[in-house]
Structures are given as C-alpha cells and as structure tokens.
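One structure is given here, and the rest of the page talks about it.
The values are calculated or read from the model by the stated rules, or taken from the named source; none is laboratory data. Note that the coordinates shown come from a computational prediction; the quantities given were computed from them, not determined experimentally. Cβ placement follows ideal geometry from the backbone for every residue including glycine, while neighbour counts extend to all protein chains displayed. Heads up: the accessible areas ignore ligands, DNA and RNA and are worked out on the full protein's heavy atoms, side chains in. Shrake-Rupley method; radii C 1.70, N 1.55, O 1.52, S 1.80 Å.
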Amino acid sequence: AKESGKNNFQYYKKKLSVNMHGRLNIEQALKGALKKDEIFLVYQPKYNIASKEIVGFETLARWENEKLGLIPPDKFITIAESTNDILEIGLFIFKKACIDFKDFREINTNLQTISINISTVQLYQDSFIKDIMNIIDEVGIEASSIILEITETHIMKNIFYSMRVLNELKTLGFSVSIDDFGTGYSSLNYLKQLPINELKIDKSFINDLPYDLNDVAISKAIISLSKNMGYVNVAEGIETTEQEEFLLSGGCEIGQGYLFCKPKIKDEIIQILRDKTP
Ligand code: C2E
Ligand code: CA
Ligand code: CA
Ligand code: CA
C-alpha cells in the first residue's frame, strides 16, 4: 500500500509538472511573441444589416508560434493578462489597428469606426489614456473613429473606477461598447449611468434565434433597451439567414458574423473593400 501511495504521488507530481511546464512554455513563448512578429491582427466587418454596407471592423488578435502553433485569443489573452504582458501587446494591437484602419478608409471613405477589444488590465492601468492618446496623435487618427470594446463582466468588477475612466474616454471623443452584453450581472441602475455608445448582444443569445423563445425574448429586450437608452445595438455571431431576418425585423441595426464575413487579414479586407467600391 505504501508503494502504490508513493507511485500515486509520483504520478501526480509528474502530471503537475507537465501542466506547469506547458503553461510556462506558453508564457515564455508569449514573452518573445511581439519581437518575433508572431502576433497579427484579423478584422471582421460590421454591417448595417438593412443596407448590407460595411460600417466598420472589429479587430481580433491572433498568435502563431512556430512550436505551439496557432493559440486561440481566449487562451493567450488570459495568460497575457495574468503576466501583465497584455499591456505591451494591447498597445501593439491598438496601434496596428489604427494604422490599418486609416488604410481601409482611404479605399472606402464611408467607413466609420474601428473596434478594438480592451482588457481591463489595460483599462485599469494609470497610463492607459495617455498611451492611447499618444498613439492616435502619432498615427493621425481621431478618437471619434475608435470604439473600445470592454466586456460587461469586466466593467462591473470595479464599477466606480470604470465609470471614471469611461467618462474620461468619452470626454476625449472615444466610443465605448459593452461586449458580451447579457452574460454578466450588470445592474440596470449602473448601466444607465455608464457613458457608453454601443451594446453588443452576446453570441449565446443569437445562436438559437428564432427558435428558442427565451432567446427571442432576451434579444428583443436588449434591442429595445439599447434603443430607449440611445445606444447602438450590435448582434455578433450571426451565422444563418433566419437569425439575420429575425434581427432585422426586430430593429437591430448592426451585425457581424460568419454569414456576412469571417475575420480576415488586412490584405483580404483591402481586396473586399476594393471589390465593393466602384
Ligand atoms: P469577442 O470579442 O466576443 O469576439 C467575438 C468572437 O466571435 C471572435 O472570436 C470572432 O472570431 C468570433 N466570431 C465572429 N463571428 C462569428 C460567427 O458567426 N460564428 C462563430 N462561431 N464565431 C464568430 P476570436 O477571434 O477567437 O476571439 C475570442 C475572444 O478573444 C474575443 O471575444 C475577445 O474576448 C478575445 N480577443 C480577441 N482579440 C483580442 C484583442 O485584441 N484584445 C483583447 N483584450 N481580447 C481579444
Ligand atoms: Ca469584442
Ligand atoms: Ca463579444
Ligand atoms: Ca466573447
């Protein structure tokens, strides 16, 4: 019994070290990712659902490491947040997105905004606003062209601090979008005080439209809530024409999803814009 106990312990010890090792490997590789040019951006068009015109893009980060392969952003962003590497990576993403959007707008002057996902680790850092102001000055783009996407859960974590930073961002002309709306626990009382411009209905409420009656009720409620509060309403993850038709007839203005276009690298987006612009 003693023997097998020891073996068990050794088994777990081995397993643990493999896990730690895996995580450490990723952490270490991530530290070198920017220098090695392994992080790149893809853009997913946002459409006016009624007119099918592209109104803007959402910036999505990708990381491809020669040993580890393509690591999904859900995974590497979380790791980068825990090591604070997200601060440097986040600014890299912000700057590159601004530069690329300027190029997109040279082709289609009707493009309105570029959306950029922001982690709260960034938002809660003292220099965040100063850093992004420096970038937009350097690149030569107005704050009013930029939508910062922040997840609902993150905003609510420290509502008073969020409120202060969001107010400052608004004063400077940035727009703020609440991402994954409906999955967190925001009190409507706080929501009404937040200086935001856009609500994004989480994909989990879109998936089973128009067949799941609860999702029908929830998405209708979010659409009417946004309208009454003066927010732009965006539906994400639209994959079927049934979903599209439901959202259009329900009054949702903006949509993105594989049905319209998958996230694509800059060159492909430029091609799409050229093909569409007479
Ligand atoms: P998110 O901000 O909610 O982004 C939407 C996700 O849905 C993206 O996944 C997008 O590729 C995917 N998507 C879009 N349309 C469809 C569709 O029709 N069907 C399906 N199944 N999926 C669709 P992605 O690119 O893997 O990103 C996952 C999450 O990682 C993002 O969720 C965001 O939270 C985070 N993320 C990605 N890029 C960044 C970034 O630059 N900074 C930060 N802080 N987070 C990022
Ligand atoms: Ca987003
Ligand atoms: Ca989302
Ligand atoms: Ca999400």
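Summary table below
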quantity	calculated
Tilt relative to the chain, helix 159-172 - C-alpha long axis, 0 to 90 degrees, to 10	50 degrees
Length-normalised contact order of the range 136-240 in % [C-alpha pairs under 8 Å, at least 6 apart]	24 percent
Structure-based [θ]222 nm, the chain - -39500 (n - 2.57) summed over DSSP H runs of at least 4, per residue, nearest 500	-16500 deg cm²/dmol
Rounded to whole Hz, the Karplus (6.51, -1.76, 1.60) HN-Hα couplings of the range 63-71, x for glycine and proline	10, 10, 10, 4, 8, 8, x, 8, 9
Per residue accessible area of the range 119-163, 1.4 Å probe, in Å²	42 Å²
Mean Cα-pair separation over length for the range 69-224, i.e. relative contact order, pairs under 8 Å, 6 or more apart, %	17 percent
Unit charges on C-beta of K, R, D, E only; dipole of the chain, Debye	960 debye
Vicinal HN-Hα couplings computed from phi for the range 189-200 (Karplus, 6.51 cos²θ - 1.76 cosθ + 1.60; Hz; Gly/Pro x)	5, 6, 3, 5, 8, 6, x, 10, 10, 8, 10, 9
Residue 34/residue 127 FRET efficiency (R0 25 Å; Cβ-Cβ; nearest 0.05)	0.90
Apportionment of accessible area to carbon and sulfur, the chain, percent (1.4 Å)	52 percent
Length released on extending from residue 271 to residue 74, taking residue separation times 0.36 nm less the Cα-Cα span	68.1 nm
Rg followed by Dmax, in Å, when the range 158-278 is reduced to its Cα trace	16.2, 48
Estimated FRET transfer efficiency when R0 is 45 angstrom, pair residue 220-residue 143 (beta carbons, to 0.05)	0.85
Two-site label geometry, residue 158 and residue 84: point separation in nm, points 7 Å out along Cα→Cβ	1.3 nm
Degrees, to the nearest 10: 128-139 long Cα axis against longest axis of the chain	60 degrees
Ratio Rg/Rh, restricted to the chain and using Cα atoms, in which Rh is the Kirkwood radius	1.03
Theoretical gain in end-to-end length, residue 52 to residue 189 [0.36 nm per residue, Cα-Cα removed]	45.9 nm
Cβ-Cβ FRET estimate between residue 227 and residue 67, R0 fixed at 51 Å, reported to 0.05	0.55
Given 75/262; 35/203; 31/266; 31/200; 67/130, the pairs whose alpha carbons are separated by over 28 Å	35/203; 31/200; 67/130
Acute angle (nearest 10 degrees) that the helix 73-83 long axis makes with the longest principal axis of the chain, alpha-carbon atoms	60 degrees
